[in-house]
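**Q** Please see the structure below; I have some questions.
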2 protein chains.
Amino acid sequence: MRDFSHDHRWLSLNTATVRKQGDLTAIIEACARHGIRAIDPWRDQVAAIGLERAVRAVKDAGLDLSGYCRGGMFPADAAHRAEARDDNRRAVDEAAALGAPCIVLVVGGLPQYSRPGSAASKDIAAARSQVHDGIAEMLEYAKQAKLPLAIEPLHPAYAADRACVNTTKHALDICDALDPARSGAIGVALDVYHIWWDPELIDQIARAGRNRLLAFHVCDWLVPTKDILNDRGMMGDGVIDIKSVRSMVEAQGFAGYSEIEIFSNDWWTKPMDEVLRTCIARHRTVV
Amino acid sequence: MRDFSHDHRWLSLNTATVRKQGDLTAIIEACARHGIRAIDPWRDQVAAIGLERAVRAVKDAGLDLSGYCRGGMFPADAAHRAEARDDNRRAVDEAAALGAPCIVLVVGGLPQYSRPGSAASKDIAAARSQVHDGIAEMLEYAKQAKLPLAIEPLHPAYAADRACVNTTKHALDICDALDPARSGAIGVALDVYHIWWDPELIDQIARAGRNRLLAFHVCDWLVPTKDILNDRGMMGDGVIDIKSVRSMVEAQGFAGYSEIEIFSNDWWTKPMDEVLRTCIARHRTVV
């Protein structure tokens, strides 16, 4: 297991962590100030400053990317399926322009939440079937761009509205079905927040192996959690044994960034430099 | 699948649903007014009026029980283990006195939440090991009282603080380990709120079979969920396909009560009779 205690060269910042404190340009400047050498930007933050400007800012700063957030939201009624497909193709194009190593997929839940305006459904099995088909279609496009897809299993608390792929096992089942040869075109993005509770975690990470482990995200699970979406904790403030999960992915040969992604109504109120200083300190001690 | 549309003979009321509106005596009186013939009382509500009085009230009202809530909270540090054991034995004694058909187990999460005062830990695997050992010990005591134990897998959102058994599969693994002969001494209590998201649900319910299906609870999952503990929905107000889950348990021969358990800051503010009328109406239409 790599020693993170002396530097933060393997820290990547998911830009949602400081989305309220400044635009992507300001975040990139802050990363330079703090010696953070990689980010994972969100599409809306890229769109806000324009793709070309974002590409240039990343390049000028010499920043590495650990992913691009996000594609997905596949379940939709018939009237919204083309929208989902086209939107995901644009995400691939943007990720390629930015030089992202993979595109993170938040696959979507029931169609009325995944693609608003879609007819309401309670059929989660049907949503899962649409996710499978949607990823299959997107994969063909992404392969042309040599852009790997990283399915992110989300915590079951988000099954209805954000992602109906809720376990590492389910995500890997999709990978195996669509890419039995383990070509590298598809894998998983594992965030400790979503998977720490899973009793099958160590076995599924071993099943993934290095080939399928495309991204590793950290934050913490707070007790109590005050907001189901935006009360993620800074690493060390919650109950997740983060080092234990990192040791599992590194035992498979994962040697990429440890990406910090914290959606938090609390941390969003703090100055960007304070957040980044804290991220770096915790990266060294508890990640 | 049984037809619930014409009456509510298979409706049981978990008394936590109206815990803020009155004590157990008032709840039992309200059940009589509404023709509800079964309840699942909570220990604190029984204690508040006294066990003897509760036993008499249940008997005088001719009420059936669908369970007793709850035993469990097994993980504890060494200083609190005897407390956990003794507390669970008292739960068995109370359940036997009340004539409950089973005792529902909320197994507990990390020791600092499960048995407050216990030393803090982030080792969820160790907590799970303690749960296994704690149930094994309690099972010996419960067998003497001929009181079946019903392990309730809780939604992964509660893994840290309430129950580290979060899937039907995990609960059944414990049942199989402790009672391979399927004697009837141990099984599961399945609440749609906790399990609806599980992609393995239908297979695991089939694995449980009638022998292991000791209780079936209903409410609904709201989107958005405003409070992680106390924002459960009335059946029909959320995204769970409740009939589909009931059809799965009934396909295995389950023919017991459909127990309504709603922890809700909203429903707790409404008059008890309004809540019960709504429960009955929804039981007939969406359960």
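The values are calculated or read from the model by the stated rules, or taken from the named source; none is laboratory data. Because the structure is a prediction, the values reported are computed rather than measured. Don't worry about glycine lacking a Cβ; one is built from the backbone with ideal geometry, like all the others, and counts go over all protein chains shown. Ligands, DNA and RNA are stripped out before the accessible areas are found, and what is left, the full protein with its side chains, is counted by its heavy atoms. Shrake-Rupley method; radii C 1.70, N 1.55, O 1.52, S 1.80 Å.
**Q** So what is log10(I(q)/I(0)) for the range A:38-162 at q = 0.09, 0.14, 0.16 1/Å, when the Debye sum runs over its Cα atoms only?
**A** -0.26, -0.59, -0.75
**Q** I'd like the accessible area for A:SER183: 1.4 Å probe, protein heavy atoms, all chains in place, Å² to the nearest 10.
**A** Near enough 80 Å² of accessible area.
**Q** Continuing with the same structure: What average number of partner chain Cβ atoms lie no more than 10 Å from the Cβ of the residues making up A:240-249?
**A** Mean number of neighbouring Cβ atoms from other chains: 1.
**Q** Further question: Quick check: convex hull over the Cα atoms of the range B:9-94, volume per residue in Å³, rounded to an integer?
**A** Numbers: hull volume 8.5 nm³, N = 86.
Roughly 99 Å³ of hull volume per residue.
**Q** Check A:ILE186: other-chain or 5+ apart residues with amide H under 5 Å from its amide H, H built from backbone geometry?
**A** A:LEU149
**Q** OK, next. Consider just the alpha-carbon atoms of the protein assembly as shown and return their Rg together with their Dmax, both in angstrom.
**A** 24.9, 80
**Q** In whole Hz and in residue order, list the ³J(HN,Hα) couplings for the range A:58-75 that follow from phi through the Karplus curve 6.51 cos²θ - 1.76 cosθ + 1.60, θ = phi - 60°; x for Gly and Pro.
**A** Whole-Hz 3J(HN,Hα) from phi for the range A:58-75: 5, 5, 4, 7, x, 7, 8, 10, 9, x, 9, 9, 7, x, x, 6, 6, x.
**Q** Let me ask another. Based on Cα coordinates alone, diagonalise the gyration tensor for chain B, multiply each eigenvalue by 5, take square roots, and list the semi-axes in whole Å, largest first.
**A** Output for chain B: semi-axes of 27, 22, 19 Å.
**Q** Copy-to-copy spacing for B:GLU274, label 7 Å out on the Cα-to-C-beta vector, in nm, shortest first?
**A** In ascending order, 4.3 nm.
**Q** Nearest 5 is fine: what % of DSSP beta bridges in the protein assembly as shown come out antiparallel, could you say?
**A** 5
**Q** Keeping all protein chains in the complex and leaving out DNA, RNA and ligands, what accessible area do you get for A:GLU83 with a 1.4 Å probe, in Å² to the nearest 10?
**A** 90
**Q** Same structure, new question: Would you mind listing the distances between the A:ARG90 label point and the same position in each other copy? Use 7 Å along Cα-to-C-beta, nm, one decimal, shortest first.
**A** 6.2
**Q** Hey, what does the equivalent ellipsoid look like for the range A:150-199, semi-axes from the Cα gyration tensor as sqrt of 5 times each eigenvalue, largest first, whole Å?
**A** Sorted largest first and rounded, they come to 20, 11, 9 Å.
**Q** Over all residues in B:151-159, what is the mean tally of Cβ atoms on other chains that come within 10 Å of each residue's Cβ?
**A** 4
**Q** Output needed: percent of Cα pairs per 5 Å distance bin for the range B:123-189, bins running from 0 to the one holding the longest distance.
**A** Histogram of Cα-Cα distances, whole percents per bin: 4, 18, 29, 26, 15, 7, 2.
**Q** I've got another one for you. Would you mind checking which residues have amide H under 5 Å from A:PHE216's amide H? H placed 1.01 Å from N; only 5 or more apart, or other chain.
**A** So A:PHE216 has HN proximity to A:LEU190, A:GLU259.
**Q** With θ taken as phi - 60° and the coefficients 6.51, -1.76 and 1.60, list the Karplus ³J(HN,Hα) couplings across the range A:79-94 in order, rounded to whole Hz; mark glycine and proline as x.
**A** Rounded to whole hertz, the list is 6, 10, 6, 5, 4, 4, 4, 5, 4, 5, 5, 5, 4, 5, 4, 5.
**Q** Quick one: Karplus J couplings for the range B:257-264, per residue in order, coefficients 6.51, -1.76, 1.60, θ = phi - 60°, nearest Hz, x for Gly and Pro?
**A** Taking θ as phi minus 60°, the curve returns 6, 9, 8, 8, 10, 10, 8, 8 Hz for the range B:257-264.
**Q** Exposed loop trypsin sites (Lys or Arg not before Pro) only (DSSP loop, at most 15 other Cβ atoms within 10 Å): please give the longest stretch of chain B free of them, not including the sites. It would help to have the intermediate numbers written out before the result.
**A** Numbers: sites that count: B:ARG2, B:ARG9, B:LYS20, B:LYS146, B:ARG182, B:LYS226.
The longest uninterrupted stretch comes out as B:21-145.
**Q** In addition: Calculate the mean, over all residues of peptide B:115-125, of how many other protein chain Cβ atoms lie within 10 angstrom of the residue's Cβ.
**A** Going residue by residue through B:115-125 and averaging, the value is 3.
**Q** In terms of the Cα gyration tensor, with a ≥ b ≥ c the square roots of its eigenvalues, is the range B:106-232 rounded because a/c is under 1.5, prolate because a/b exceeds b/c, or oblate?
**A** Because a/c hits 1.5 or more and a/b fails to exceed b/c, the range B:106-232 counts as oblate.
**Q** Rounding to the nearest 20 debye, state how big the charge dipole of chain A is about its Cα centre with +1 on each Lys and Arg Cβ and -1 on each Asp and Glu Cβ.
**A** 420
**Q** With a Förster radius of 41 Å, plug the Cβ-Cβ distance of B:ASP133 and A:THR285 into 1/(1 + (r/R0)^6) and report the FRET value to the nearest 0.05. Walk me through the numbers on the way to the answer.
**A** Numbers: r = 33 Å, r/R0 = 0.80.
Efficiency at R0 = 41 Å is approximately 0.80.
**Q** Please tell me which of these pairs span more than 25 angstrom C-alpha to C-alpha: A:LYS169/A:LYS243; A:LYS122/B:LYS226; B:LYS169/B:LYS270; A:LYS122/A:LYS169; A:LYS143/B:LYS169; A:LYS20/A:LYS122?
**A** B:LYS169/B:LYS270; A:LYS143/B:LYS169; A:LYS20/A:LYS122
**Q** Assume the label is 7 Å from Cα along Cα to beta carbon: what separations in nm does B:PRO180 have to the matching positions in the other copies?
**A** Spacings between copies for this position, smallest first, are 3.5 nm.
**Q** Sticking with this structure for a sec: Positive end of the charge dipole of chain A (Lys, Arg +1 and Asp, Glu -1 on Cβ, about the Cα centre): tell me which of A:ALA96, A:CYS164, A:GLY236 has its Cα farthest that way.
**A** A:ALA96
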